[in-house]
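My questions all concern the structure below.
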Amino acid sequence: MHGQVQSPQYPEPYPPNLLEQWDLSVPEGFQIRLTFTHLDIEASAGCSYDSLTVLYGEKLLWKFCGIENSADGLHPGYQPILTPGNTVTLIFQTDHYNPERHQNVGFSLQYQAIDIDECSAPEPEDGSGPLCSQICLNTLGSYLCSCHHGYELRSDQRSCTLSCGGGIFDEPEGHLFSPGYPNPQANAMSCQYIISVESGYTISLNFSDNFHIESVVTEEGPKCLFHWLEVIVSDQESVMLCGGTSPGLIKTNSNTITLNFHTDDHGLSNGWSLDYRTDRVKCPAPSNVVNGKVTPSQTEYFYRDHIYVRCDQGYKLMVDNQEIKSFSTICQSNGKWHLPLPECHIIDCGEPEPLLNGGVTFQSDFRNQYLSVVKYHCNEPFYTSPGGINATFTCESDRKWRSNHQEINSPICLPVCGRPTKQIHDYQRIVGGSDAPKHTIPWQVLINTGNRGGGAVIGDRWILTAAHVLENYGHKVSISSIKIYMGDTDVHRMEAFPLHPVSIHVHPDYHNPNGSNYNNDIALVKLQDPITFDAAVMPLCLPPKTATYDTGVMGQISGFGIIREGSRHILTNKLKYVAVPLVNQEICSNSITELKKNRPILPDLTDNMFCAGLPEGQKDSCKGDSGSAFTLTDDGQFWAAGVVSWGDKCGHKGTYGVYTRVANYVDWINKVMQENQ
């Protein structure tokens, strides 16, 4: 495609008696361009001595010699020269003499293949006509012929003939015109053009103002009898166009159109030209969704547009009575949404959580729905809510009932302790005393292990009692042998409804194998089933943190233990009670010391115990009352100050009942109940 040619020994002077030849060739369709960078050949008239001859085949093109601007010879200069074809022959010839005074150095040139622009060449002189009858396209090393719209290339690959049938235009926009437009065409023709684009788009035709299809004028107006352009759209009546007025813009609302252009052998039509474009199919604007929102909000929606539906807070998406998490639909190619719009239904939190030992009422007219409000209440006077607040809860958008009180997460009813529905106004003694009225000591429990004992309800599954009630000479009684009764003041009526324990918990530091050590005489019994509190059964309060045991303060003891009738001691079947004062610890200790002179086996008094009673006796607890509660009151509320533990000779002068000091064991009690829920 390119190269360099130099004379022998260049740039040294060339020798005499030379005959050198170079045959250069490049591919067909190219010419050869020669560019001399230097030429210094002995000058002579007609270059008869030394010369460089350029031949095209047998034809002499040039013969060069001399130097630039020399009077003799022919110098090519330094502008490129072009050969007529793709071959050239160079011949360098010298004679026998090269004057010493002028040492000529010869020549140096560059050659390069240059593409021939066949399309710009003049028509051949033989009258054969232009290379291409309509359109000539220059290519590298050659050329191609092409035809105008509505014509096709003949087999000679040069001339064109009318051909405007078939073919589909499927680009989203384009330009069409009749053969030869805008010049008249005399030949009869039948042309068909099909525009077919992707489903989901519609085609619009926009005819140019220069529109002319021959028509026939009749009384009814112009008729398209011999020349016409027919516009065919499926499912629509075809339209025949002719005349000299442009149809302008035609919106077809279809993605496929057929154009049939027809002329006969007579008359002339200049033809037509149009631009077509496509628009996306439009879908109807979605209707409003009650209690919801359609996004995005647009004035118009087109093919492939998506819309989404979101419900307002507190509402849920529903389709065919089924809840869905999200919803979207797309505008289809047929101009319809692929899914119908959903509905937004108000959410439902379901029935509010039932409240054990309480109830719930609706504060709103509607139930369980978003923003409906319920109010919880406890079954008073036996249960109360924390802080005395009757909590209200609202149905929130997450379908959960949420408390309207920051300090309350879930409703709960706590048992009311130490407040019986009936009060005792006169106190009798247990030993020989009268019956306790119903509902006045509702925490009282009868424990039967083969021997009778007592206890106090302190929780819906917990009984406070004495350790020695549950142990016999250092051995715990079996759980199966324990029966517990409560809810009445008569043993016979209670015996039909025994309660059963699931576990017993004796204080770990209680050790009394021979009946002489009652320190830490306290225990707990856990019931198999929880108790529902009412007037007959209510819990007793545990000691408050500020509990004091002041000498002389009156406390109450109760039980189903032994009573005295005259000179006899009998086991009662009726609940008895008595009020006795707290005794100074030193006085009580001295009395026990005095008794131990005759009975050394008596237990010692410890700081975990206290005494209650009268110096003259008569009022006391006795055998069978063990484990029952000694209660004090604070602002009308009873609390367990002690547990009946031991004593000497019930109600005798100079003796006192000894009780386990419950305040010393509150932490242990709470720990056991918490660990054994």
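Mind pulling the angle between the C-alpha long axis of helix 666-675 and the longest principal axis of the chain? Nearest 10 degrees, somewhere in 0 to 90.
50 degrees
Please work out how much length the chain gains when fully extended from residue 58 to residue 495, using 0.36 nm per residue of separation minus the C-alpha to C-alpha distance, in nm with one decimal.
So the chain would gain 142.6 nm between residue 58 and residue 495.
Full extension from residue 282 to residue 220: what is 0.36 nm times the residue separation minus their Cα-Cα distance, to one decimal in nm?
Going from the current span to full extension adds 18.6 nm.
Can you list the residues, at least 5 places off or on another chain, whose amide H is less than 5 Å from the amide H of residue 527, using H built in the peptide plane?
Amide H neighbours of residue 527, under 5 Å, 5+ apart: 462, 463, 502.
Give the Kirkwood hydrodynamic radius (Å, one decimal) of the chain, defined as one over the mean of 1/r across all pairs of different Cα atoms.
38.9 Å
Could you work out the helix-only [θ] at 222 nm for the chain, with each DSSP H run of four or more residues adding -39,500 (n - 2.57) and the total divided by the number of residues, to the nearest 500 deg cm²/dmol?
The helix-only estimate for the chain comes to -1000 deg cm²/dmol at 222 nm.
Give the residues of the stretch 226-253 whose amide nitrogen is closer than 20 Å to a point set 7 Å from the Cα of residue 192 in the direction of its Cβ.
226-241
Can you give the net charge of the other residues whose Cβ lies under 15 Å from the Cβ of residue 520, counting K and R as +1 and D and E as -1? Write down the numbers at each step before the final one.
Details: positive: 476, 661, 671; negative: 471, 509, 521, 604, 607, 667.
Result for the local shell: -3.
What number, in percent, do you get for the relative contact order of the chain if the mean sequence gap of Cα pairs under 8 Å and at least 6 apart is divided by its residue count?
Working: 1669 pairs, mean separation 50.6, N = 677.
Here the relative contact order equals 7 percent.
Shifting gears a bit: Sort the following peptides by mean Cβ neighbour count (other Cβ atoms within 10 Å, averaged over residues), highest first: 536-547, 65-76, 491-502.
Working: 536-547: 17.9, 65-76: 16.4, 491-502: 14.0.
Ranked from most to least packed, the peptides come out as 536-547, 65-76, 491-502.
Measuring from centroid to centroid over Cα atoms, what is the spacing of the stretch 165-219 and the stretch 285-330 in Å?
Taking the Cα centre of each part, the stretch 165-219 and the stretch 285-330 sit 43 Å apart.
Further question: With an 8 Å cut-off on Cα pairs and a minimum separation of 6 or more residues, tell me the relative contact order of the stretch 2-116 in percent.
46 percent
Over the stretch 164-280, calculate the relative contact order: mean separation of alpha carbon pairs under 8 Å at least 6 apart, over the residue count, as a percent.
Relative contact order of the stretch 164-280: 42 percent.
Another question about this same structure. Going by average Cβ density within 10 Å per residue, which order do the peptides 171-180, 16-25 take, highest to lowest?
Going from most to least packed, we get 171-180, 16-25.
Let me ask something additional. What's the ranking of 461-474, 291-304, 572-585 by average number of surrounding C-beta atoms within 10 Å, highest first?
Put in order of decreasing packing, that is 461-474, 572-585, 291-304.
Moving to a separate point now. On C-alpha positions alone, give me the angle between the axis of helix 585-596 and the longest principal axis of the chain, in degrees, nearest 10.
So the helix axis and the longest Cα principal axis differ by about 50 degrees.
Can I ask one more? Shape call for the stretch 164-280 from the C-alpha gyration tensor, a ≥ b ≥ c root eigenvalues: rounded (a/c under 1.5), prolate (a/b greater than b/c) or oblate? Don't skip to the answer; put the middle values down first.
Values: a/c = 1.94, a/b = 1.60, b/c = 1.21.
Prolate.
Coordinate-derived values only; no laboratory data. Everything numeric here is computed off the predicted structure, so don't read it as measured data. Cβ: placed from backbone, ideal geometry, glycine included. Neighbour counts: every protein chain shown.
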